[in-house]
Amino acid sequence: MGRVGLSTRRLVRAGAELADEEGFAQVTLSALARRFGVKPASLYAHVRSSDDLRTGIALLALDELADRAADALAGRAGKDALSAFAEAYRSYAREHPGRYAATRHPLDHETALASAGPRHARMSRALLRGYALDEPDATHAVRLLGSVFHGFVDLELSGNFAHSAPPAEESWHRTLDALDHLLRTWPPAPATASVPGPDDPAPATTPAPGPDSPAPATT
């Protein structure tokens, strides 16, 4: 029987707080046991391993972030929706850096499908409907948004923008302006040359002149 007062939910939330305070990489069963003043073995009735704990934190963070993004998107479209969606990610990362890092924790296929991850993808696609992108460009755009949002936030949180001008806030808004412009003027896919199949007729060629061919006319 598990120790009274401990539960999977309580441990995951405590682990999320630990991640925000000390970093997601520092979240282990031993560290969490020290926080509760118990031995690590006391936690095994609720979480199987440190990775199981990190997975729980990742699922919690994905849920929280999805709720925040959904609230931000409500009633918005176009550039307004893009900015609100992006700011939801950035503000969550600033307030909960450890949980934000947990959203990139690798999940197995079934766990990922059951998580809030697909909800994030659906919201990204809903946002992009305001830009009238067809497939596969809509998928390319979803990946672009994720890359830009996560890349900018990661660099900002690690202090990469702290020692040069202009301020990161200005770069953030200019980045969103650039994304909006790109989405509104999305370039067409380059034409691809068709590759002849085995049953296609060979292209006509000009035979090489033989010994009995007339000599070319000269001027």
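Points to keep in mind about this one:
- Using R0 = 30 Å, the C-beta based FRET efficiency linking Arg122 and Ala45 works out to 0.25.
- Net charge, Ala88 excluded, C-beta distance under 10 Å - Lys, Arg +1, Asp, Glu -1: -1
- Formal net charge of residues neighbouring Gly78 (Cβ-Cβ distance under 13 Å; K, R +1; D, E -1): +1
- Between helix 50-73 and the chain there is an angle of about 70 degrees, using the helix long axis and the longest principal axis of the Cα atoms.
- Angle in degrees between helix 117-128 and the longest Cα principal axis of the chain, rounded to the nearest 10: 50
- Expected-Rg normalisation [2.2 N^0.38 Å, Cα atoms] applied to the chain: 1.60
- FRET efficiency, 1/(1 + (r/R0)^6) with R0 22 Å, evaluated for Asp134 and His109 via beta carbons: 0.20
- Under 15 Å, Cβ to Cβ, from Ser30 - net charge with Lys/Arg +1 and Asp/Glu -1: +2
- Normalised Debye scattering of segment 1-89 at q = 0.17, 0.19 Å⁻¹ gives log10 I(q)/I(0) of -0.70, -0.79, counting only Cα atoms as equal scatterers and leaving out solvent.
- Alpha-carbon gyration tensor eigenvalues x 5, square-rooted, for segment 79-145, Å: 22, 18, 9
- C-alpha long axis of helix 168-184 to longest principal axis of the chain, angle in °: 40
- 10 Å Cβ shell holding at most 16 others, DSSP loop, trypsin sites (Lys or Arg not before Pro): longest site-free stretch of the chain: 105-219
- Surface per residue (accessible, 1.4 Å probe) for the chain, Å²: 61
The values are calculated or read from the model by the stated rules, or taken from the named source; none is laboratory data. Please read these numbers as outputs of a predicted model, since none were measured by experiment. Cβ coordinates were reconstructed from backbone atoms using ideal geometry, including for glycine residues, and neighbour counts include every protein chain displayed. Accessible surface is based on the protein model in full, side chains and every heavy atom, while ligands, DNA and RNA are left aside. Shrake-Rupley method; radii C 1.70, N 1.55, O 1.52, S 1.80 Å.
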